[in-house]
Amino acid sequence: MARTDRLFQLMQALRDLSPPATALALAQETGVSERTIYRDIDTLRGLGAVIDGEAGFGFTLIEDATLPPLGFVPEEIEALVVGLTEVTQIGDPALAKAAKTALTKLKSRLPAAQAHRLKHAVLTAKRFYKPPKISIDASALRQAAWEERTIAVDYADVKGARTLRELDPLTITFLDGTHCLLAFCHLRQDYRVFRLDRMVDFTVTDRSFRPRRIPMLREFKQRLEAEPPRHIQT
């Protein structure tokens with residue numbers, strides 16, 4: 001394995017393993033000896049990575065923006081192109097613009113050979129059918145979920161009948177060809193899936209459900225994995 005690839009793999013292992021990661025665990029993860037791990041840790045520190053810890057205790061990577069990029073393996077570059085291209089086509093305007101900007105930044109910051117591979121990637125994504133148009137501010141909805149703030153939603157069903165719902169927004173997902181909000185519905189006192197294109201308007205309240213978003217989302221996802229969603233609000 002090339003030294004640069006090995007260092008990149010070690011960086012990824014430091015991110016993936018629960019800190020502090022022991023040299024033994026890192027060696028098993030990367031397929032090298034513990035002695036090589038210690039040597040590569042010193043090399044990464046010399047490059048600017050902030051890695052806390054020592055032999056016999058374990059190591060914790062503290063992300064450092066000054067660390068020079070080590071690049072991506074070819075499959076990761078293809079995956080980035082497919083994922084970001086998909087977002088430009090199905091994301092709301094703000095997210096689509098961010099995906100285009102991210103691709104541009106990647107091209108400008110990758111080593112020349114990898115930037116060339118990204119520009120001329122074998123894989124790409126193309127959708128001929130656009131998802132239903134969203135009239136609400138999806139960026140504000142994402143922010144409400146991130147800040148764990150309850151929202152009041154003016155929601156219309158497939159027949160146009162409207163109800164006012166109070167929801168704890170958990171995450172937005174692209175489900176069955178449309179953007180949906182996974183949320184806890186105060187009216188139903190249960191988890192529900194709401195289509196964003198059915199949201200007429202929403203406001204963010206001053207009520208917080210922090211810090212319950214992560215455990216709530218985990219519970220909802222477990223339900224969805226066990227049984228397909230039956231409660232998509234249409």
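For a label point 7 Å from the Cα of Thr60 along Cα→C-beta, name the residues of the stretch 15-30 whose backbone N is under 13 Å from it. Under cut-off, by backbone N: 18-22. In this structure, Ser108 and Asp16 have a Cβ-Cβ separation that, at R0 = 25 Å, corresponds to a calculated FRET efficiency of about 0.40. Span-like helix criteria (full DSSP H runs; alpha carbon extent of at least 27 Å along the helix axis; mean Kyte-Doolittle hydropathy of at least -0.5) are satisfied in the chain by no helix. Neighbours of Arg142 by Cβ distance under 13 Å: Lys/Arg scored +1, Asp/Glu scored -1, total -2.
Using the alpha carbons alone, the radius of gyration of the stretch 1-49 stands to its Kirkwood radius in an Rg to Rh ratio of 0.91.
Solvent-accessible surface of the stretch 98-209, taken per residue with a 1.4 Å probe and all protein chains present: 59 Å². Counting lysine pairs in the chain whose alpha carbons fall under 19 angstrom apart, excluding pairs fewer than 8 residues apart on the same chain, gives 12. Just one of (i) 169; (ii) 136; (iii) 124 is volume of the Cα convex hull per residue in Å³ calculated from these coordinates, so which is it? Matching entry in (i) 169; (ii) 136; (iii) 124: (i).
A cut-off of 5 Å between modelled amide H atoms, ignoring neighbours fewer than 5 places along the same chain, links Glu166 with Val153, His186, Leu187. Would you work out what percent of the accessible area of the chain, with all protein chains in place, is carbon or sulfur (probe 1.4 Å)? On the chain, the fraction of accessible area on carbon and sulfur atoms equals 54 percent.
Backbone N atoms of the stretch 159-190 closer than 16 Å to the 7 Å Cα→Cβ label point of Thr203 belong to residues 163-167.
The residue among Leu110, Leu24, Ser139 whose Cα reaches farthest toward the positive pole of the charge dipole of the chain, with charges on the beta-carbon of Lys, Arg, Asp and Glu, is Ser139.
The values are calculated or read from the model by the stated rules, or taken from the named source; none is laboratory data. Here the structure is a predicted model, which is why all the values come from computation and not from measurement. As a convention, Cβ positions derive from the backbone with ideal geometry for all residues, glycine included, and neighbour counts pool all protein chains shown. Accessible surface areas use protein heavy atoms only, side chains included; no ligands, DNA or RNA. Shrake-Rupley method; radii C 1.70, N 1.55, O 1.52, S 1.80 Å.
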